[in-house]
Amino acid sequence: MKVLFLTDWYPTPERIYHGVFVREHAKAVRAAGVEVTVLHAPGWRAAPARAGGLREELDPGLTEGIKTYRVGHRAVRLPGPLRRLGTALSYPNYIWSVVRACRRLRAGGYRPDVIHAHVYSAGVPAVVIGKLTGTPVVITEHYTAFPRRTLSRASVWMARYAFGNAAVVMPVCLYLQRAIEAYGIRAHFVIVPNTVDPALFHPAVDRAASGSGREEPHGRRLAFVGNLEPSGHKGFPTLLAALVLLSERRTDWHLDVVGEGPTREEYMRRVADSGVAASIAFAGALPKPGVAELMRSSDLFVLPSRFENLPCVIIEAMSSGLPVVSTTVGGIPEMVTPRDGVLVPPDDPVALAEAIDRVLTRAGEYDGADISARALARYGLAAVGAQILAVYSSVLAAPKASRT
């Protein structure tokens, strides 16, 4: 079976984390025995490029052995108050560039059995191509704009068109499905979660053998992985406030911050002025193997997000055997049980400090091997790959008239 992944979001040399969850799905499908090709078409708001220009990605760190192509489109740039109009006019160019790129792939002999789009905006050209070629289309949705209710009217129309013409729509969690339905959008939904590579994210057999554990004076090692953005999406300001409170109770901890973003310098200044600067280190953006190594040498993963769907970093932390302290937002309560950690309300540093203290104090009650085994049973490449393969098989087995 051949499947074309068509996506707006995918890792690039400039943004190695961007859409990394799409690549993980591609790896899961490959693990299920499917031949996967990725066509990455950065969204219509992307920088101008030659329309329909098709380029194969050759960096093995980005492709991880999956054949990957990039396609550009010509964005329309209008000044000042006409900027939104220019963005709207760019979308037809984006669709046309994707169609042309797919025609080039077909001319070279590549004809997929299924088109698997990721995110509704890529679902629109996927549906157009599917109608032109008679190829069934499925869509995985990841976007937090649905539960945040921030979609424009045009985006709602696009989502309705894409989902309504897809054979199956796969939200990554039930929370996201309900948020999509709250817009009045109907589709054939099948929940398929994000995934994790157990070859990378697994518990350390021996902390000392991992070679990256901290010396005893630093105490317990906490890990935070997330983008450092002005919205505070991942809740770092709340985490910093919580750690200041925690330091009044105990100082046997050290936090590693993995991530980049426009507010990194601001957050570093806040940490320098916080009184706990000696206990916090900024590691910048690490590639996946670096994140996995850090998790294996950590004792607790903390992600106090303000909004989410199904964050991959929590799956990766649990696969690494770490207990988790996070928030009761999005699909996180679908992931983290009391056996895996503690959840608290968002934007609540007092509750967050208490949760971190409680987990560190009761660390012996969390069985890392058990946490990892449960995570892999739900989110491992094999488990998720089997779910996606079942969707493909059901779509291909259905009569053509019932595929949309």
Qualifying residue in segment 288-305 (condition: hydroxyl-bearing (S, T, Y) and in contact with a His (Cβ under 6 Å, 6 or more places away or on another chain)): no
Scan of segment 248-269 for residues that are over 19 Å from A285 (Cβ atoms) and surrounded by 16 or more Cβ atoms within 10 Å (Cβ to Cβ), ordered by number: W253, H254
Residue in segment 274-289 that is surrounded by fewer than 22 Cβ atoms within 10 Å (Cβ to Cβ), hydrophobic (A, V, I, L, M, F, W, C), free of Cβ contacts under 8 Å to residues at least 12 places away in the same chain and not assigned by TED's automatic domain parsing to the domain that holds T63 present: yes
Set A363, A292, A369: member being touching an Asp or Glu at 6+ places or on another chain (Cβ under 9 Å) and either farther than 18 Å from G226 by Cβ or not hydrophobic (A, V, I, L, M, F, W, C) (or both): A363
Complete set of residues in segment 304-313 that are touching a helix residue (DSSP H, G or I) at 6+ places or on another chain (Cβ under 6 Å) and either free of Cβ contacts under 8 Å to residues at least 24 places away in the same chain or under 10 Å from F224 (Cα atoms) (or both): P304
Number of positions in segment 275-296 that are assigned to a loop (DSSP other than H, G, I, E, B), modelled with pLDDT under 95 and touching a strand residue (DSSP E or B) at 6+ places or on another chain (Cβ under 9 Å): 2
Count - residues of segment 32-61 that are buried (at least 18 other Cβ atoms within 10 Å of the Cβ) and at pLDDT 90 or above: 8
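Among the candidates S319, S274, S326, single out the residue that is among the polar types (S, T, N, Q), in contact with a helix residue (DSSP H, G or I) (Cβ under 7 Å, 6 or more places away or on another chain) and farther than 21 Å from I191 by Cβ.
Just a single option satisfies the conditions, and that option is S274.
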Residue within segment 133-143 that is under 21 Å from the mean Cα position of the chain (by Cα) and in a helix (DSSP H, G or I) present: no
Among the residues listed as V137, V119, V172, the single one being in contact (Cβ under 8 Å) with a residue 24 or more places away in the chain, surrounded by fewer than 24 Cβ atoms within 10 Å (Cβ to Cβ) and either out of contact with any Lys or Arg (no Cβ under 9 Å at 6 or more places or on another chain) or not assigned by TED's automatic domain parsing to the domain that holds T328 (or both): V119
Subset tally (residues that are touching a residue at least 12 places away in the same chain (Cβ under 8 Å) and either more than 20 Å from T133 (Cα to Cα) or of a type outside the set (A, V, I, L, M, F, W, C) (or both)) for segment 150-169: 10
V244 vs. criteria hydrophobic (A, V, I, L, M, F, W, C), part of a helix (DSSP H, G or I), in the same structural domain as A353 (by TED's automatic domain parsing) and farther than 14 Å from D357 by Cβ: no
Residue match in segment 221-237 (condition: surrounded by fewer than 16 Cβ atoms within 10 Å (Cβ to Cβ), at pLDDT 95 or above and not assigned by TED's automatic domain parsing to the domain that holds V29): no
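Taking the stated definitions as given, is S298 in contact with a Phe, Trp or Tyr (Cβ under 6 Å, 6 or more places away or on another chain) and closer than 24 Å to T337 by Cβ? It would help to see each step written out before you state the result.
Numbers: in contact with a Phe, Trp or Tyr (Cβ under 6 Å, 6 or more places away or on another chain): no; closer than 24 Å to T337 by Cβ: yes.
No, not satisfied.
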Of all residues in segment 314-336 being in contact (Cβ under 8 Å) with a residue 60 or more places away in the chain and in a loop (DSSP other than H, G, I, E, B), the one that is nearest to I356 (Cα to Cα): L322
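Any idea which of R378, R358 is part of a helix (DSSP H, G or I), within 28 Å of E35 (Cβ to Cβ) and at pLDDT 95 or above?
Details: R358 fails: within 28 Å of E35 (Cβ to Cβ).
Testing whether each residue is part of a helix (DSSP H, G or I), within 28 Å of E35 (Cβ to Cβ) and at pLDDT 95 or above leaves just R378.
The values are calculated or read from the model by the stated rules, or taken from the named source; none is laboratory data. Not measured: the values here are computed from a predicted model. Cβ sites come from the backbone with ideal geometry, for glycine too, and all protein chains shown count toward neighbours.
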